[in-house]
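Shown next, in structure tokens, is the structure this report addresses.
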Amino acid sequence: MHELAVCQALLREVDAVAAANGARAVTDIHVCIGPLSGVEASLLESAFPFAAAGTIAAAATLHLRATPVRVRCERCGAASAATANRLVCGECGDWRTSLESGDELLLQTVAMQTGGSEERYV
């Protein structure tokens, strides 16, 4: 399951953010994931507790937000929603489109406890 390796890489980034901000603990991790990212969201959620064990994010909650597939038409210039297996323009139906979103896996926000009991979002 490559989602475990993805979680481990994600947690390395979270650890770097936490260290740069003097965090005692990470409480929440927010990630945007598109259907074309190559990562299965349910498997990422399943792998997260194993990857996070023993890290600063061991007690953190992973929040995944699905991002839609959107394309921009090279013919008419319209931006429209599309499906993962049909990347055509929603306005004119042309197949010459460029992907605007849907292939991302982005670490969006890390919530952490610093100093006292304050919570900080980065």
Subject >> Matching residues, the range 26-46, being within 12 Å of residue 64 (Cβ to Cβ) and of a type in the set (Gly, Ala, Ser) >> reply: 34, 37, 41, 42, 46
**OP:** Starting from the range 52-74, take each residue that is hydrophobic (A, V, I, L, M, F, W, C) and list its partners that are part of a loop (DSSP other than H, G, I, E, B) and at pLDDT below 95, counting only C-beta distances under 7 angstrom and pairs at least six apart or across chains.
**Re:** 69/84
Original post:
If the Cβ limit is 6 Å and pairs must be 6+ apart or interchain, which residue in the range 82-94 that is touching a residue at least 40 places away in the same chain (Cβ under 8 Å) and under 15 Å from residue 36 (Cα atoms) pairs with which residue that is assigned to a loop (DSSP other than H, G, I, E, B) and β-branched (Val, Ile, Thr)?
Top reply: 84/69
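The values are calculated or read from the model by the stated rules, or taken from the named source; none is laboratory data. Keep in mind that what you see is a predicted model, and the values were worked out from it rather than measured. When we count neighbours, we look across all protein chains shown, and the Cβ atoms used for this are built from the backbone with ideal geometry, even at glycine.
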